[in-house]
1. In this structure, does A:Lys43 turn out to be of a type outside the set (A, V, I, L, M), facing another protein chain (nearest Cβ under 10 Å), more than 13 Å from the chain's Cα centre (by Cα) and not in a strand (DSSP E or B)?
2. Is one or more of the residues making up segment B:89-101 in a loop (DSSP other than H, G, I, E, B) and either away from every other protein chain (no Cβ under 14 Å) or surrounded by 19 or more Cβ atoms within 10 Å (Cβ to Cβ) (or both)?
3. Find all pairs meeting these conditions: Cβ atoms under 6 angstrom apart; at least six residues apart or on different chains; first residue within segment A:102-117 and within 14 Å of chain B (Cβ to nearest Cβ) and in a strand (DSSP E or B); second residue exposed (fewer than 15 other Cβ atoms within 10 Å of the Cβ) and not small (Gly, Ala, Ser).
4. Does A:Ala49 qualify as being aliphatic (A, V, I, L, M), away from chain B (no Cβ under 12 Å) and free of Cβ contacts under 8 Å to residues at least 40 places away in the same chain?
5. Going by the conditions given, is A:Ser59 within 11 Å of another protein chain (Cβ to nearest Cβ) and modelled with pLDDT under 95?
6. What are the residues in segment B:59-77 that are part of a loop (DSSP other than H, G, I, E, B) and either within 17 Å of B:Lys106 (Cα to Cα) or modelled with pLDDT under 95 (or both), if any?
7. If we keep just the residues of segment B:1-30 that are surrounded by fewer than 14 Cβ atoms within 10 Å (Cβ to Cβ) and within 14 Å of chain A (Cβ to nearest Cβ), which is farthest from B:Ser73 (Cα to Cα)?
8. Any chance segment B:30-51 includes a residue that's farther than 22 Å from A:Trp107 by Cα and in contact (Cβ under 8 Å) with a residue 40 or more places away in the chain?
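The values are calculated or read from the model by the stated rules, or taken from the named source; none is laboratory data. Computed from a predicted model, the values in this text were never measured in an experiment. Note that each Cβ is placed from the backbone with ideal geometry, even for glycine, and that neighbours are counted across all protein chains shown.
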Amino acid sequence: EVQLVESGGGLVQPGGSLRLSCAASGFTFSAYWMHWVRQIPGKGLVWVARINTDGSIISYADSVQGRFTISRDNAKSTLYLQMNSLRAEDTAVYYCAREILTSQGYWGQGTLVTVSS
Amino acid sequence: QSVLTQSPSASGTPGQSVTISCSGRSSNIGSHTVSWYQQLPGTAPKLLIYSDSQRPSGVPDRFSGSKSGTSASLAISGLQSEDEADYYCAAWEDSLIGPAFGGGTKLTVL
C-alpha cells in the first residue's frame, strides 16, 4: 500500500526554522518526482516546490524561493522541506505529493505549520 | 489568487449531474494536460482524473473529464452524498516551472 507520512510541523516564531519530513513506503520512492504543496486551512492548494528522482532538478514557487529548500534521501525513502525565515503567511498544512500531474498522483495526510509569536 | 479559475461553489441533488469548470490560458491548460483532485473534508486530495480525461483505477465512471482550448471540465453524474467535497483542477504552468491549481469548487449535495 502506498503511504506518504509527513512529520515535523508545529508552532514556530516568525523568523524561525522548521524541517518537514515525508516518509514514503509501498512504492519505489527513487523512481518518482516529488512535490510539496501547502494549503491554508479553508483555502486552496498552492504548489511550493518539486524535486526530480535524483535531486538534480529542483524548482520553487516565488513565494518561498531563497527561504525553503527541498531535498530527498532515496536510501531512506524520505522527502524533506527545510523552511527558514518563516513568516506568518507560511502558516498552512503542508502536503508531500507524488507526481501531481500524472496517473501516479498521491498525497500524504499533511502536517500543520503555524508561524506565530 | 489562483492561476486557474474555478467557480467557488456548485450544487446538485442526489442522482443529478453537475459540471465543474476550470479556466486557464495558453501557458497552462492550453498546452498541458489537466488533472482533477477531490478533497473530502479533513482529508488529503485524491486523484480523480489525469491527462484531461483518464480515470485511475478505482475511480467510478460517474466522474469524467474533458478539455477544450484553455478550459477543462469535470462532470459528475448520478450525484451521491459522498461526493460532497472540494474539487481542484491542476495543470503545468510554464511561468511557474511547476503545477498550478484552481482555487477549488465546493460541491454541495442538497
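1. yes
2. Checking segment B:89-101: not a single residue is in a loop (DSSP other than H, G, I, E, B) and either away from every other protein chain (no Cβ under 14 Å) or surrounded by 19 or more Cβ atoms within 10 Å (Cβ to Cβ) (or both).
3. A:Tyr106/A:Val2
4. no
5. No: the conditions fail for A:Ser59.
6. B:Ser77
7. So, considering only residues that are surrounded by fewer than 14 Cβ atoms within 10 Å (Cβ to Cβ) and within 14 Å of chain A (Cβ to nearest Cβ), the one farthest from B:Ser73 (Cα to Cα) is B:Gln1.
8. Yes, that holds for at least one residue.
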